[in-house]
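I have placed the structure first, in the form of structure tokens, so that the comments after it can refer back to it.
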Amino acid sequence: MLDWFNAHPHLVDSLIESVKAIVVLLVTVVVAAWMIWLERRLLGLWQDRYGPNRVGPFGLGQVIADMIKIFFKEDWIPPFVDKLTFIVAPAIAMGLMLLMFALVPVTPTWGVAHINVGLLVFLALAGLEVYAVMLGGWASNSKYSLLGGLRVTAQTVSYEVFMGISLMGIVMLAGSFDLRHIVEYQAANGWNIIPQFFGFCAFVTAAIAVVHRTPFDLPEAESELAAGFHTEYSGMKFGMFFVGEYVGIVLVSAITTVLFFGGWSGPGVESHAWLAFPWFAFKCLCFMSGFILLRASLPRPRYDQMMAAGWKVCLPLSLINLLGTAAVVVAGAHGA
Amino acid sequence: MTFFFYLAAAVAVISTLFVIFGRNPVHALLNLVVSLLAVAGLFFMLGAPFAGALEVIVYAGAIMVLFVFVVMMLNLGKEIEDQERRWLTPKVWFAPAVLSVLLLGGLLDVLLTGGQTHAAATTTIDAKQVGVHLFGPYLLAVELGSMLLLAALVAAYHLGRHD
């Protein structure tokens with residue numbers, strides 16, 4: 001057995017990488033599912049009530065119970081829908097979100113894909129994510145779903161414009177689209193949140209809008225659109241949209257950590273390499289809780305207000321940030 | 001690598017055929033998205049990841065989204081598919097077929113004579129090299145392109161004005 005492993009080092013390497021990829025995938029899904037519990041408990045805390053506390057210790061088993069329930073629900077496809085598109089849409093929602101996680105450099109040794117245009121691939125996948133909701137809304141063939149789908153398309157297309165622009169300041173500072181390189185740059189030169197504060201503001205706004213999370217959850221505004229784009233969905237297909245949204249929040253937290261808060265770097269990581277993952281996880285957890293706090297505290301804006309905020313505030317802000325960063329980088333290059 | 005290249009190429013060709021023969025406009029557009037993604041995959045395999053990523057961001061992620069957005073709002077259904085069936089007569093095929101055969105002739109000529117094997121497949125063109133070329137030899141084209149975009153922007157603003 002050992003001889004065989006020694007004879008095929010290349011194969012063993014790819015085997016180890018595959019196992020790592022599967023571990024990252026499973027951890028992501030489990031964390032996303034567990035985040036549903038976290039959200040309900042934290043909302044309960046902030047609204048002065050309990051939240052789910054019956055199943056298992058602290059109600060931790062609630063997620064498992066809900067999952068079992070949703071798996072055994074009838075998977076109903078209404079007769080009036082466009083069948084193929086209806087089935088594909090939730091798979092795109094969840095699949096693309098998980099695919100984006102492959103780009104996240106978790107620790108110096110962990111991370112699935114190492115692409116030298118990682119940030120661009122992230123933006124590309126985020127751009128494709130809109131199809132899930134759009135197709136879900138269209139294929140459902142119902143007016144609420146279609147309105148939800150239209151809203152989400154307009155919202156995502158608008159906010160993606162400056163999501164890319166707000167990140168270009170970081171690319172200029174680090175001189176690379178490589179996420180791993182960006183983390184290493186921050187470990188050496190300090191976190192990007194300080195020089196790129198405006199970029200951070202624009203990016204987080206855009207990221208919340210792209211994963212259509214409260215307060216930007218107008219595509220599924222229950223007061224006016226029933227359940228929005230997933231009105232006609234039930235069973236596990238609805239479950240995939242639902243968990244996909246939480247994977248999206250975990251992903252946005254991870255990407256924000258990587259781009260603006262130094263990723264795995266932190267005090268003590270140089271001397272104790274094992275601290276890399278706890279630091280990364282801790283930073284992500286802070287952002288995840290932050291997004292829940294946003295949901296708990298902010299009301300939903302009107303649709304035109306949201307579009308105006310995107311085009312009239314965030315876009316100019318990120319463009320000015322881009323120009324300012326470029327000026328500083330060029331001045332630094334000439335001065336040195 | 002060669003296998004995956006031909007796989008992606010086959011996906012691109014087949015999905016494009018579905019775009020042409022499809023009767024449901026939304027399905028046709030989705031096939032076009034698949035085709036664009038396959039072409040982006042080809043770019044990645046040819047060592048041009050920057051071009052590949054931009055292909056996905058600009059074409060699949062932005063332009064096609066707007067196409068689907070508009071088509072989604074049209075009230076499609078059985079009638080449109082019947083209409084499409086009536087419109088796709090052999091007479092309609094004639095002119096595009098002639099043009100395609102001309103293009104195919106050019107392509108075959110390149111393939112059969114061996115053509116010039118480009119170095120693109122052996123070297124990776126990253127973002128930096130693209131930037132150096134855009135703001136070096138192709139500066140004039142970039143400036144003209146940005147003028148065109150600015151003009152389009154002004155025109156769109158004018159059309160969308162409230163009065």
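The values are calculated or read from the model by the stated rules, or taken from the named source; none is laboratory data. Source: prediction; values computed, not measured. Ideal geometry is used to build each Cβ from the backbone, glycine not excepted, and the neighbour counts take in all protein chains shown. Remember, those area values only see protein heavy atoms, side chains included, never the ligands or the DNA or RNA. Shrake-Rupley method; radii C 1.70, N 1.55, O 1.52, S 1.80 Å.
Rounded, prolate or oblate, given the Cα gyration tensor of the protein assembly as shown, with a/c below 1.5 counting as rounded? Judged from the Cα gyration tensor, the protein assembly as shown comes out rounded (a/c under 1.5). Mean partner shielding of peptide B:51-64, defined as the number of other chain Cβ atoms within 10 Å of each residue Cβ, is 5. Here's the picture: charge each Lys and Arg Cβ at +1 and each Asp and Glu Cβ at -1 in the protein assembly as shown, and of B:94, A:198, A:38 the one pushed furthest to the positive end of that dipole is A:38. Taking GluC sites (Glu not before Pro) as exposed when DSSP calls them loop (any state but H, G, I, E, B) and at most 16 other Cβ atoms lie within 10 Å, what is the longest stretch of chain A free of them, the sites themselves excluded? Answer - A:75-269. Per-residue ellipticity at 222 nm, computed for chain A from helices alone with -39500 (n - 2.57) per DSSP H run of at least four residues, works out to -23000 deg cm²/dmol.
Build a GNM of chain A with springs between Cα atoms under 10 Å apart, and of A:192, A:321, A:116 the one that fluctuates most is A:116. Accessible area ranking (1.4 Å probe, heavy atoms, ligands and nucleic acids excluded), largest first, for A:48, A:66, A:217: A:48, A:66, A:217. Between residue A:64 and residue A:302, the FRET efficiency estimated from the beta carbon spacing at R0 = 51 angstrom works out to 0.85. Within chain A, the longest run free of exposed loop sites, counting trypsin sites (Lys or Arg not before Pro) that sit outside DSSP helix and strand states (H, G, I, E, B) and have at most 14 other Cβ atoms within 10 Å, spans A:74-301. Let me have the relative contact order for chain B, percent, based on Cα pairs under 8 Å that are six or more residues apart. Relative CO of chain B lands at 22 percent.
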